[in-house]
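To start, the structure under review is shown below, and the notes come after it.
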Amino acid sequence: IVAKVVEISGVSYGVDEDSDFAIRVVTEHARAATFLIADGVVPANEGRGYVLRRVIRRGIRFARKLGIDDSFLSPVAEAVIGRMGANYPELVESKQFVLRTLEAEEERFDEAIALGMPLLEGMVATGTAITGKDAFLLYDTYGFPLELTQEVAREHGLEVDVAGFEAEMEAQRQRGRDAAAFGG
């Protein structure tokens, strides 16, 4: 599976600690996503579907660090299925569903990144902590998981106001409850 990531990225394994880490993240996240989808989990905004979405998106983010700009999850998932399918027949049985699901989620995330990353880069360029309101804007408007915003901020030595983010999230939930009660 590592060999497939190396092949796709063109980055050698065992040469650089940072790229080795990225290769392992991509490998393990693609493997985990393949198994989760084969077990019936689909990307969603809550519950185990949200965990899957986070796993996929973090894998994509590290793939981009390796210079992989094209779709890559399906070929890596095929390597996972080829390597582990004999012991886990559910992988082989659900192969097409796994591949379609990964392709669709990768496409959705690419669209979100294309729209939101310039905004996030502008936020970190200020050199100040990212406010909860800004982190929520990225989450709500562009589909950026809080963890991704935190990771990018951390890479620039910045913090994210998590308490402010959670307050914004709760305010939105309350607006939703109020709207549901009004419409009920």
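The residue that is most open to solvent (accessible area, probe 1.4 Å), counting only those in segment 64-101 that are farther than 25 Å from Asp18 by Cβ and among the hydroxyl-bearing types (Ser, Thr, Tyr), is Tyr88.
Taking the criterion of being of a type outside the set (D, E, K, R) and open to solvent by less than 40 Å² (accessible area, probe 1.4 Å), the residues of segment 105-118 that qualify are Phe109, Ala112, Gly116, Met117.
How about segment 51-61: which of its residues are in contact with a Pro (Cβ under 8 Å, 6 or more places away or on another chain) and either farther than 25 Å from Ala114 by Cα or open to solvent by 40 Å² or more (accessible area, probe 1.4 Å) (or both)? Walk me through it before giving the result.
Filtering segment 51-61 down to residues in contact with a Pro (Cβ under 8 Å, 6 or more places away or on another chain) leaves 52-54, 56-57.
Across segment 51-61, the qualifying residue is only Arg54.
Taking residues in segment 61-77 that are part of a loop (DSSP other than H, G, I, E, B), and partners anywhere that are open to solvent by less than 10 Å² (accessible area, probe 1.4 Å), the pairs with Cβ atoms closer than 7 Å and at least 6 places apart or on different chains are Leu66/Ala22; Leu66/Ile23; Leu66/Val26; Ser71/Glu106; Phe72/Ala63. Close Cβ contacts (under 9 Å, 6 or more residues apart or on different chains) running from residues in segment 1-28 that are over 15 Å from Arg64 (Cα atoms) and of a type in the set (A, V, I, L, M, F, W, C) to residues that are open to solvent by 40 Å² or more (accessible area, probe 1.4 Å) and not in a helix (DSSP H, G or I) comprise Val2/Tyr13; Ala3/Tyr13. Among residues of segment 92-146 being modelled with pLDDT of 90 or more and among the β-branched types (Val, Ile, Thr), the one that is farthest from Ala163 (Cα to Cα) is Val92. Of all residues in segment 2-15, those satisfying the criterion of being part of a loop (DSSP other than H, G, I, E, B) and either open to solvent by 70 Å² or more (accessible area, probe 1.4 Å) or on the phi > 0 side of the Ramachandran plot (or both) are Gly10, Tyr13, Gly14, Val15.
Is it fair to say Ala44 is open to solvent by 10 Å² or more (accessible area, probe 1.4 Å) and not in a helix (DSSP H, G or I)? I'd like the intermediate steps shown before the answer.
Values: open to solvent by 10 Å² or more (accessible area, probe 1.4 Å): yes; not in a helix (DSSP H, G or I): yes.
When the stated conditions are applied, Ala44 passes them.
Picking from residues in segment 21-41 that are small (Gly, Ala, Ser) and in a helix (DSSP H, G or I), the one that is surrounded by the fewest Cβ atoms within 10 Å (Cβ to Cβ) is Ala32. Only one of the numbered conditions (1) touching a residue at least 24 places away in the same chain (Cβ under 8 Å); (2) under 22 Å from Asp70 (Cα atoms); (3) under 13 Å from the mean Cα position of the chain (by Cα) is not met by Leu115, and that is (3).
Among residues of segment 143-164 that are farther than 12 Å from Arg58 by Cα, those with a Cβ under 9 angstrom from a residue that is of a type in the set (Ser, Thr, Tyr) and in a helix (DSSP H, G or I), sequence gap 6+ or separate chain, pair up as Val160/Thr149.
The sole residue among Arg173, Arg100 that is of a type outside the set (Phe, Trp, Tyr) and over 21 Å from the mean Cα position of the chain (by Cα) is Arg173. What do you reckon, is Pro145 under 23 Å from Ser71 (Cα atoms) and over 15 Å from the mean Cα position of the chain (by Cα)? For Pro145, the condition - under 23 Å from Ser71 (Cα atoms) and over 15 Å from the mean Cα position of the chain (by Cα) - is not met. Scanning segment 131-163 for residues that are touching a Gly at 6+ places or on another chain (Cβ under 6 Å), open to solvent by 20 Å² or more (accessible area, probe 1.4 Å) and assigned to a helix (DSSP H, G or I) yields one hit, Tyr142.
The values are calculated or read from the model by the stated rules, or taken from the named source; none is laboratory data. Not measured: the values here are computed from a predicted model. Ideal geometry is used to build each Cβ from the backbone, glycine not excepted, and the neighbour counts take in all protein chains shown. These area figures cover heavy atoms from the full protein model, side chains too; ligands, DNA and RNA do not enter into them. Shrake-Rupley method; radii C 1.70, N 1.55, O 1.52, S 1.80 Å.
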